[in-house]
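Here is the structure we will look at, set down as structure tokens.
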Amino acid sequence: MGRHRITPHARADAEGAGDYDEDLITRLYREFGGPLFGHALKLTDYDRQWAEDVVQETLVRAWRHAPKLDREPGLLRAWLFTVARRIVIDGHRSRRARPEEVDLTRLAVVPVRDDSDRTLSAIVVGEALRHLTQEHREAIMETYLRGRTVKEAAKVLGVPPGTVKSRVYYALRALRQALQERDPT
């Protein structure tokens, strides 16, 4: 790497007195573009498009500040990397300051909670429960629907725990059979 010297012509252009100095941008890009892009890529969490924008904006700022660029390559590189870092920081700040953009195309496929299957299942089970004997239905209601233990259900129903177990067993068997008859699949 040779010493970077910005010509008086380039300084005049950067100050607005002349045309755009393509040579300045070309030299900066050729010498620092790769490392600058790698640096910007890390700063943007590997968002390639944003990193490319950061490199472009950094080079534009370098062109605007051409009179300040009469420095050693190491110092010029540090200046470019600092400018890139500040551009990314500004980008993060502006993204936090405004509401997040919503991709409307994804909204068309957003799953909406639908309890219709659950409701339908409850209706079918309710119908099947009605076909049980009262004793079997009460045993299921106390143990499964009210969440009581066999001992608690026995106390509520006024029967021994073994009777509750037996009623639940036969009730579940009858329910399974009734549900299978309703669903031929």
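No lab work stands behind these numbers, since they all come straight from the coordinates. Keep in mind that this is a model prediction, so the values were computed, not measured. With ideal geometry, Cβ positions are generated from the backbone for all residues, glycine too; neighbour counts draw on all protein chains shown.
Descriptive notes on the structure:
- Under 25 Å of direct C-alpha separation, and excluding same-chain neighbours fewer than eight residues apart, Lys165 reaches these lysines: Lys151, Lys155.
- Reciprocal mean inverse distance between Cα atoms of region 116-182 - Kirkwood radius, Å: 12.2 Å
- Cα centre as origin, Lys/Arg/Asp/Glu Cβ charges: region 142-185 dipole, Debye: 180 debye
- Shown in residue order for region 135-146 are the 3J(HN,Hα) couplings computed by the Karplus curve 6.51 cos²θ - 1.76 cosθ + 1.60 at θ = phi - 60°: 4, 5, 4, 5, 5, 5, 4, 5, 7, 8, 7, 9 Hz (x for Gly and Pro).
- Added length on full extension, which subtracts the Cα-Cα distance from 0.36 nm per residue, Gln49 to Arg146: 29.1 nm
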